[in-house]
1. When the range 128-149 is examined, which residues are found to be in contact (Cβ under 8 Å) with a residue 40 or more places away in the chain and of a type in the set (Phe, Trp, Tyr)?
2. For residue 109, are the conditions met, namely being within 21 Å of residue 37 (Cβ to Cβ), among the polar types (S, T, N, Q) and touching a residue at least 24 places away in the same chain (Cβ under 8 Å)?
3. For residues in the range 84-113 being basic (Lys, Arg) and closer than 20 Å to residue 58 by Cα, which is surrounded by the most Cβ atoms within 10 Å (Cβ to Cβ)?
4. Kindly provide the set of residues from the range 1-60 that are within 24 Å of residue 82 (Cβ to Cβ), over 19 Å from the mean Cα position of the chain (by Cα) and of a type in the set (Phe, Trp, Tyr), ordered by number.
5. Could you list all residues from the range 64-113 that are aliphatic (A, V, I, L, M) and in contact with a Gly (Cβ under 6 Å, 6 or more places away or on another chain)?
6. Pull out all pairs, ordered by first then second residue, where Cβ-Cβ is under 6 Å, the residues are six or more apart or on different chains, the first lies in the range 14-34 and is more than 17 Å from residue 127 (Cα to Cα), and the second is of a type in the set (Val, Ile, Thr).
Amino acid sequence: MKPFYRIALGSDHGGYRHKEILKRFLASLGQEVIDCGCHSEASYDFPLSAAAVARRIVNRTAERGVLIDGAGFPSAMVANRFPGVRAAVVHNDFTCTISRQHSDANVISFGAKVVDPDETCRLVELWLRTDFLGGKYQRRLDLLSAVEREAAGKTSGKRRLLTARDVAENPQALTETDSVLLTPAAVDLLRNR
């Protein structure tokens, strides 16, 4: 595990107790914890804390983020609306490790009604110790970034996203007059023709 991470934590009222336990656990591991709320068990809207954690990732004041709400997926849905955030819902060893190895998740989200606090702590430590594999998974992240740019309207004009499959199945999909955004795999396929 990297000796030191800045980890942003966020929860709604349903995940508050989990967050407080996790905060102490991470501090005991020597990690810097940034508490993005909530700060009590009073009713609290999950989008507020999830967005606060995501902003920390985007502006690089935290390298990792952990979200806890009742089910896990609502907070992940909010976080994934922020460019560059890759939030995964985690509930066991498999989902935890694959979120890092294959998807380079920089935020994970837990359901307090799904995973108990001790298991949450154990899984967060496992996640922090798991490395991204790169290789073909990096190409997939590059594609994810291209889709993210397209969805955000950051492509000029009416550009289409073409994947390697599009190019292989229909070579005429790419013409000189087309304005397209090619995935890295599509570029490789075209270079090797």
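The values are calculated or read from the model by the stated rules, or taken from the named source; none is laboratory data. Fair warning: this is a prediction, and the values are worked out from it, not measured in the lab. Cβ: placed from backbone, ideal geometry, glycine included. Neighbour counts: every protein chain shown.
1. none
2. yes
3. Of everything passing the filter in the range 84-113, 100 is surrounded by the most Cβ atoms within 10 Å (Cβ to Cβ).
4. Residues satisfying the conditions are 4, 16, 44.
5. Of everything in the range 64-113, those that are aliphatic (A, V, I, L, M) and in contact with a Gly (Cβ under 6 Å, 6 or more places away or on another chain) turn out to be 67, 68, 71, 89, 107, 112.
6. That search, which allows pairs on different chains as well, returns 15/68.
Rundown of residues vs (1) modelled with pLDDT of 95 or more; (2) touching a strand residue (DSSP E or B) at 6+ places or on another chain (Cβ under 6 Å); (3) at negative phi; (4) not hydrophobic (A, V, I, L, M, F, W, C), yes/no style:
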residue: 139; (1), (2), (3), (4): no, no, yes, yes
residue: 142; (1), (2), (3), (4): no, no, yes, yes
residue: 146; (1), (2), (3), (4): no, yes, yes, no
residue: 154; (1), (2), (3), (4): no, no, yes, yes
residue: 157; (1), (2), (3), (4): no, no, no, yes
residue: 161; (1), (2), (3), (4): no, yes, yes, no
residue: 169; (1), (2), (3), (4): no, no, yes, yes
residue: 172; (1), (2), (3), (4): no, no, yes, yes
